[in-house]
1. Scan region 119-134 for residues that are in a loop (DSSP other than H, G, I, E, B) and either without any contact (Cβ under 8 Å) to a residue 24 or more places away in the chain or over 15 Å from residue 158 (Cα atoms) (or both) and jot them down.
2. Which numbered condition in (1) in a helix (DSSP H, G or I); (2) surrounded by fewer than 21 Cβ atoms within 10 Å (Cβ to Cβ); (3) outside the structural domain of residue 439 (by TED's automatic domain parsing) is the only one that residue 278 fails?
3. So if I check each of 388, 338, which one is buried (at least 18 other Cβ atoms within 10 Å of the Cβ), within 21 Å of residue 520 (Cα to Cα), modelled with pLDDT of 95 or more and touching a helix residue (DSSP H, G or I) at 6+ places or on another chain (Cβ under 7 Å)?
4. Would you tally the residues in region 107-123 being within 31 Å of the chain's Cα centre (by Cα) and surrounded by fewer than 21 Cβ atoms within 10 Å (Cβ to Cβ)?
5. Determine whether region 321-328 contains at least one residue that is assigned by TED's automatic domain parsing to the domain that holds residue 487, assigned to a loop (DSSP other than H, G, I, E, B) and in contact (Cβ under 8 Å) with a residue 12 or more places away in the chain.
6. Would you list the strands (runs of 3 or more DSSP E) that sit entirely within region 1-88 and hold 3 or more residues that are buried (at least 19 other Cβ atoms within 10 Å of the Cβ) and touching a strand residue (DSSP E or B) at 6+ places or on another chain (Cβ under 6 Å)?
7. Applying the selection to region 589-623, what residues are at pLDDT below 70, under 59 Å from the mean Cα position of the chain (by Cα) and more than 30 Å from residue 558 (Cβ to Cβ)?
8. Among the residues that make up region 16-32, is at least one of them farther than 22 Å from residue 162 by Cα and over 25 Å from the mean Cα position of the chain (by Cα)?
């Protein structure tokens, strides 16, 4: 059936869930846009929204239904449908089922409704997943994953909703008990089920051209869909999904390309994306998917930018290794402030020869005290701080490991005045970046020390974040972002915030605070980027490639070569690659065959055949 788009005789059922019961701006923006195309909107909440969240949902809907958080989106859709009842639903031309798992409208949803209203269909959606020849979950009724409309946005026309076929389907269905159940027993079967019954369907963003290129174009070709199809949504998962999904299908560029397109070519406010993602998701996963790595030159800088509004604050713990830091201090024009004992700071000042160097009166004994002192001395004009620590390199032999770590940290935070300017420009281009850190060391002793990323401090970090009321998504199985020796570039807005002040009041070991720092910044709704000078980036790329190739040699020989994620799973589960095995031969059958051949063949032919057989088996024939 076709519909008259200008009448907007549509009922929307929106499934909402948030772990904190918070309704972010992206939700209101989406509902406000969609509501212009609906005559009635019911919001179904899986779980209690907060008081403020409920008011926000009520402001952009006709009714809010709150239910227990079970059954996933399928359970919420079913309860919304049953709450309204089929008699009421049949009054509408279309029933729009959609949820909170995407950002939109990147473009006005009215464009989509207008186009789809001209098509003779029984149900439709925005995007589809292509057919997968195997059943990845082993639970699909069809034995494979059929092509299907993705359930984050599904429109049912009256011709389907009023049918006995649909009523039987939705009523007889059980609410899923797991994510896999919701995929296998609802999303992936609905389209084929009704197509087989003769109902017609399409999707707005036609991705037929990507068939055989990607199973899920909305994840891996979303930039093209935004640009060429005016797809009005992007999945939230595009910003944090398990990175192995990208490595299986791409080199990892998909989400970055899509985000850059949205930011530069649409009117959608990307702050709505970050307000939600930084509140809810794990920053390490976001960092990987969004490629928050920034490589900048040391010897040239952006035109028009200066060192104004920047300061380097250095905590001088020890000076016995000053020779390894001195090259970074000589002939500098940036504002440098030294913190530490009078003896140590004077020694550094006399060796530095920097034009704009001062000594602060504070003598911090911990990294937190150092940051508190920088806070106290903050000048209103300063917008970015390079925070550095000068310490002895004589910790673990060979000392060359520590010297290389100093080289890495200071190169990537304080390489040159030009490099400082380039960092400032990078922060200006990425206003939601609040903290920049050097890459985590993976050479020498550090390869083992930071094997899991936490260096054995996960529980301590978690307890500390709880004490300072920083509630962010941290996972023990996912390595955190760490400024391992305290070298960072940080926005003054973050360093001098009330949240940071409270964090500095709660004492904790330096190694624990280093790990906690990116989480504290995330709590302020800023992300952490990894900074590389062009000279150190060349070294790090070589190191990473060499280490991966050497591990591959050892791992592939034992576990076989395959996709990275497959090999990783084999190693975790100790699944060795099995060499090809010779076919099992029934010895009784072999003996019977031998006797029969000897009986029916002339002796000369039999011996010739036996000699050839022995030759094939690599055995000596003795006649």
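The values are calculated or read from the model by the stated rules, or taken from the named source; none is laboratory data. Remember, predicted model here, so these are calculated numbers, not experimental data. When we count neighbours, we look across all protein chains shown, and the Cβ atoms used for this are built from the backbone with ideal geometry, even at glycine.
1. 126, 127, 130, 131, 133, 134
2. (2) is the only condition that residue 278 fails.
3. Answer to the check: 388.
4. Final tally of qualifying residues: 4.
5. Yes; the residues of region 321-328 include at least one that is assigned by TED's automatic domain parsing to the domain that holds residue 487, assigned to a loop (DSSP other than H, G, I, E, B) and in contact (Cβ under 8 Å) with a residue 12 or more places away in the chain.
6. Where strands (runs of 3 or more DSSP E) fall fully within region 1-88 and carry at least 3 residues being buried (at least 19 other Cβ atoms within 10 Å of the Cβ) and touching a strand residue (DSSP E or B) at 6+ places or on another chain (Cβ under 6 Å), they are 10-16, 40-46.
7. Scanning region 589-623 gives 589, 590, 615, 616.
8. Yes, some residue in region 16-32 is farther than 22 Å from residue 162 by Cα and over 25 Å from the mean Cα position of the chain (by Cα).
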